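So the structure is just underneath, and the comments pick up after that.
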Amino acid sequence: MTDPRSWTIPNVPDIPTGRFRRVRGRPLLRTSYAQDMALLDTPAERLGTAVLVALALALPVVLADRSLEVLSGAYALAIGAIGLNIVTGYAGQVSLGHAFFVAVGAYTAAALSAPPGGRTLGFGLAEIWIWLPAAGLAAAAAGVLVAPLATRLRGLYLAVVTLGLVFLGEHVFKEWKALTGGPGVGREAAVPRLLGYPLDRDGPLGTREQVLYLLMLALLVLFAVAARNLARSRVGRAFAAIRDRDIAAAVIGVPLTRYKVLAFGVSSFYAGCAGGLLSTVSGYVEPGSFSLLMSVQFIAMVLIGGVATVSGSIAGALFICLLQPLTRTLPALVPLVSADTTRTPNVFQVETVLYGLLIVLFLVFEPRGLAGLWIRVRAYWKSWPFSY
Amino acid sequence: MKGLLETVIRGLGNGSVYALLALGFVIIYKATRVISFAQPALMLAGGVAVSHLAEVTGFYAAVPLAGLLVAGVALGVERAAIRPMVGRPAFVVAIITLGVDVVVRVVVNAFIGRDVRQVGDPWGFARVELGPLVVQQRWLAMLAVTAALVAVLFAFFRHTRHGLAMRAAAHDQEAALAQGISVGAVFALSWAIAGFLAAVAGAFAGTGQGIEQSSWVIALKALPAIIVGGLDSLGGAVAGGLVVGVVESLFQSYQGEYAPWLGQNFAVVSPYVVMLVVLLVRPYGLFGTREVERV
C-alpha cells in the first residue's frame with residue numbers, strides 16, 4: 001500500500017494531442033482534438049470545397065458579363081453577411097444596425113480613393129490595399145464606439161438601439177453633403193487599383209466584370225477562411241459561450257465586455273469591407289440605400305443561409321441576390337405579375353413579399369437555414385437506405 | 001411662451017399617436033415577451049382601412065370598424081405565424097414579425113396606390129383658440145381619444161376577468177396555466193388589442209396630411225417611446241410616447257434656430273437620440289423593471 005499522495009499521473013504516450021494518423025476506410029473517425037477542429041476535416045469536404053472553388057473560378061469564362069456583375073455583388077454582400085453572422089450568429093448579439101457599418105465602409109473607401117478637389121471629398125488614394133483595410137478599420141472603430149451601449153443591453157433592447165443607429169446614420173449621411181453628395185445625388189464609388197493597375201476597366205486580364213468577379217471571389221475566400229478560423233479559435237468558443245448564456249460565460253471566466261466589443265469590432269470590419277467592395281461593383285453610392293431594408297436583407301441572408309455557419313452566410317447571400325434576377329423573369333412566365341411598377345402585382349412587390357415570406361417560412365420550418373437543409377440531405381444519404 | 005405652449009400641445013397630439021402604438025408594443029411584449037415589428041404594417045393597414053371605409057360610413061364609424069378589421073388581421077397573424085413559435089427564442093419570433101411586417105405592408109400598399117389618401121377626418125388643418133393659444137383641432141382630438149382609450153384599457157386590465165388573466169399570464173405563464181388560464185387566448189387577445197390600437201393610431205396619424213406608402217415610419221417612433229418608458233410598463237409606454245412627441249415637436253420648432261448644424265429634418269431622428277441618452281442612464285427605461293437574471 002503506497003501513500004496516495006505519491007501517485008503520479010502515468011505518462012500515457014497514446015493520448016494524441018497533435019494531428020494524428022487517419023485510420024483507412026474510416027473518414028469520420030477522429031483520433032485527435034486537432035483533427036476535430038480542422039478547417040476541412042473529411043476528404044469529402046476537401047474535395048467538395050476544391051470542386052466549388054474550381055467551379056467559381058471557371059464561371060467568368062462561361063457566364064455573360066451581366067450575370068458576373070450580379071455574382072460579384074453577391075460575393076461582396078456575402079462578406080457583409082459573414083460579418084453579421086459573427087456578431088449575431090456566433091456571439092448572439094442581435095444587430096439591426098449592419099447597414100450603418102456598411103455605409104461607413106462605403107464612404108470611407110469612396111472618399112479615400114476619389115481624386116482630390118472634386119465635387120465631393122477625396123484623398124486620391126486609389127490603391128485597394130489602402131482603402132479596403134481603411135474602410136474596414138473605420139467601420140470597426142464605429143462598431144467599437146457603439147459596443148459600450150451594446151454591452152449594457154441585451155436581447156431586444158439591443159435590437160431596437162441598433163435600429164435607431166440606422167436612422168441616425170441615414171440622417172448624418174444625408175446631411176453631410178461634402179462626403180456623400182446628398183440624397184438623390186450620391187457620389188462615385190471607390191476605384192479599385194492594384195499597384196497602379198486599374199481593376200475596373202477592360203484590360204489584358206479580361207473585361208471589367210471578369211476582373212471584378214475574380215477580385216471579389218478571392219476576397220470572399222480570404223474573408224470566409226478568416227471567419228472560420230476565428231470561429232474555431234479561443235475567441236470563437238468565447239463567442240459561443242456568450243451566445244448560449246452570457247452570465248454563465250462570465251462565471252466560467254469569459255470577460256464579457258472585451259468579447260462583446262471584439263464581436264462588434266470584427267463584425268463591423270467585415271461590414272465596412274463589404275460596403276467598400278459593394279459600391280465598387282455598382283460604381284455609385286447613394287445615402288438613401290443604407291436603410292433599414294438593407295439591414296433586414298442582411299438578417300434575411302443570415303437566417304436563410306444558416307445561423308453561425310460561414311458557408312451558410314455565403315449561400316444565403318447568393319440566394320437573396322439571385323432572387324432578384326429570378327423574380328425579374330416572372331412577368332414572362334406568370335401573366336398575372338407585371339413588370340410595370342405602377343401596376344399591382346408587380347415584380348418589386350413579389351420580390352419584397354418573397355423576402356418576408358422566406359424569412360418566416362425558414363424560421364418556422366428549418367431554423368438552421370440552407371445549411372440545415374444540407375445537413376438533412378447529407379444525413380439522409382449517409383445512412384441510406386436506412387432512415388436512421 | 002405662447003409659441004412654446006403651442007409647440008408642446010402639437011407634441012402631445014403627435015405623442016398620443018405614438019403612445020397608442022407604444023401601448024400595442026408593450027401589451028404584446030408583456031404577453032409574449034416579444035417586440036412585434038409588425039406594428040407599422042398594422043398601423044398602415046388601419047389608416048388605409050379608414051380611408052376606404054370613411055367614404056361609405058363617415059370618419060367616426062370608420063375608425064372603430066377599421067380597428068376591428070385590423071384586430072382580425074392581427075389575430076390571423078398571431079395564429080399563423082406566432083403561435084407555432086411558442087417556446088422559441090424571443091429574437092427568432094421578433095424576426096418573424098419583421099418578415100410579417102414586410103409582407104403585410106406590400107399588400108396594404110396595393111390599396112394605397114402612388115398618391116396620398118385622405119382619411120376623411122372632420123378636422124383637417126382647422127385651428128381653434130384656447131384662450132391666447134391657437135392650436136390645430138386634430139391635436140386636441142388625438143389627445144382626447146387617446147386619454148379615453150387609455151382609461152378604458154387600464155380599467156379593463158384592473159377590473160375584468162380577461163384583464164386579470166392577461167396580467168397573470170404576463171407575470172408568470174406557467175403559474176397562469178396551472179390556474180386554468182388559457183395563455184393561448186391571452187396571446188390572441190393581446191395581439192387583437194394591439195391591432196385595434198395600431199389601427200386607431202393609423203387613422204389619427206392620417207388626419208390632416210393623409211396616409212401614404214411611407215407613413216409606416218411613423219410607427220417606428222413608438223420604438224424609442226417604449227424603450228424610454230421601459231419595455232414592460234403600460235404607464236411607461238404612454239409617458240414615453242408623449243415625451244417622444246414633445247421632444248420631436250420642440251426640435252421641429254427650435255432646432256433650426258438654435259442648432260442649425262444638426263441639419264434639416266433632425267426632428268425626425270431626435271426620438272432615437274432621446275432613446276440613446278435614456279438608455280445610457282437607465283438600461284431598462286424610465287419605468288421598466290430590472291430583469292433578475294438566473295443561470
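Structure above, values below:
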| quantity | calculated |
| --- | --- |
| Considering residues of region A:29-66 that are of a type in the set (Gly, Ala, Ser) and farther than 24 Å from A:Leu215 by Cα only, the residue farthest from the chain's Cα centre (by Cα) | A:Ser32 |
| Sole exception among (1) closer than 22 Å to B:Arg33 by Cα; (2) among the charged types (D, E, K, R); (3) surrounded by 22 or more Cβ atoms within 10 Å (Cβ to Cβ) for B:Glu248, by number | (1) |
| Filter result for A:Val172 (crowded, with 24+ Cβ neighbours inside 10 Å, under 22 Å from A:Val296 (Cα atoms) and within 13 Å of another protein chain (Cβ to nearest Cβ)) | no |
| Residue match in region B:43-55 (condition: surrounded by 23 or more Cβ atoms within 10 Å (Cβ to Cβ) and over 16 Å from B:Thr207 (Cβ atoms)) | yes |
| Selected residue (criterion: farthest from the chain's Cα centre (by Cα)) from residues of region B:86-129 that are free of Cβ contacts under 8 Å to residues at least 40 places away in the same chain and part of a strand (DSSP E or B) | B:Glu129 |
| 3 or more residues in contact (Cβ under 8 Å) with a residue 40 or more places away in the chain and more than 28 Å from B:Arg117 (Cβ to Cβ): qualifying helices (runs of 4 or more DSSP H) within region B:191-295 | B:222-229, B:234-258, B:266-281 |
| Helices (runs of 4 or more DSSP H) completely within region A:184-299 that count 2 or more residues being charged (D, E, K, R) and either surrounded by fewer than 23 Cβ atoms within 10 Å (Cβ to Cβ) or modelled with pLDDT of 85 or more (or both) | A:208-231, A:234-244, A:256-282 |
| Flag for A:Ala240 being touching a residue at least 24 places away in the same chain (Cβ under 8 Å) and touching a Ser or Thr at 6+ places or on another chain (Cβ under 9 Å) | no |
| Filtered residues of region B:78-92 (kept if surrounded by fewer than 22 Cβ atoms within 10 Å (Cβ to Cβ) and among the hydrophobic types (A, V, I, L, M, F, W, C)) | B:Ala80, B:Ala81, B:Met85, B:Val86, B:Ala90, B:Phe91, B:Val92 |
| Any hit, region B:42-64, residues being farther than 17 Å from B:Ile193 by Cα, among the hydrophobic types (A, V, I, L, M, F, W, C) and within 14 Å of another protein chain (Cβ to nearest Cβ) | yes |
| Residue that is nearest to A:Leu153 (Cα to Cα) [pool: residues in region B:274-295 that are more than 7 Å from chain A (Cβ to nearest Cβ) and buried (at least 17 other Cβ atoms within 10 Å of the Cβ)] | B:Tyr284 |
| Helices (runs of 4 or more DSSP H) contained entirely in region A:311-388, each with at least 2 residues that are modelled with pLDDT of 80 or more and either more than 27 Å from A:Ala274 (Cα to Cα) or of a type outside the set (Phe, Trp, Tyr) (or both) | A:347-365, A:369-382 |
| Residue count, region A:114-145 (criterion: within 21 Å of the chain's Cα centre (by Cα), surrounded by fewer than 19 Cβ atoms within 10 Å (Cβ to Cβ) and not aliphatic (A, V, I, L, M)) | 2 |
| Tally, over region B:1-41, of residues that are under 10 Å from the mean Cα position of the chain (by Cα) and either of a type in the set (A, V, I, L, M, F, W, C) or surrounded by fewer than 21 Cβ atoms within 10 Å (Cβ to Cβ) (or both) | 8 |
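Yes/no per residue for (1) more than 9 Å from chain A (Cβ to nearest Cβ); (2) of a type in the set (Ser, Thr, Tyr); (3) on the phi > 0 side of the Ramachandran plot; (4) surrounded by fewer than 22 Cβ atoms within 10 Å (Cβ to Cβ):
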position	(1), (2), (3), (4)
B:Gly202	yes, no, no, no
B:Leu234	yes, no, no, yes
B:Gly240	yes, no, no, no
B:Phe266	no, no, no, yes
B:Ser270	yes, yes, no, no
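The values are calculated or read from the model by the stated rules, or taken from the named source; none is laboratory data. Nothing here was measured: the structure is a model prediction, and the numbers come from that model. Cβ atoms come from the backbone with ideal geometry, glycine included; neighbour counts cover every protein chain shown.
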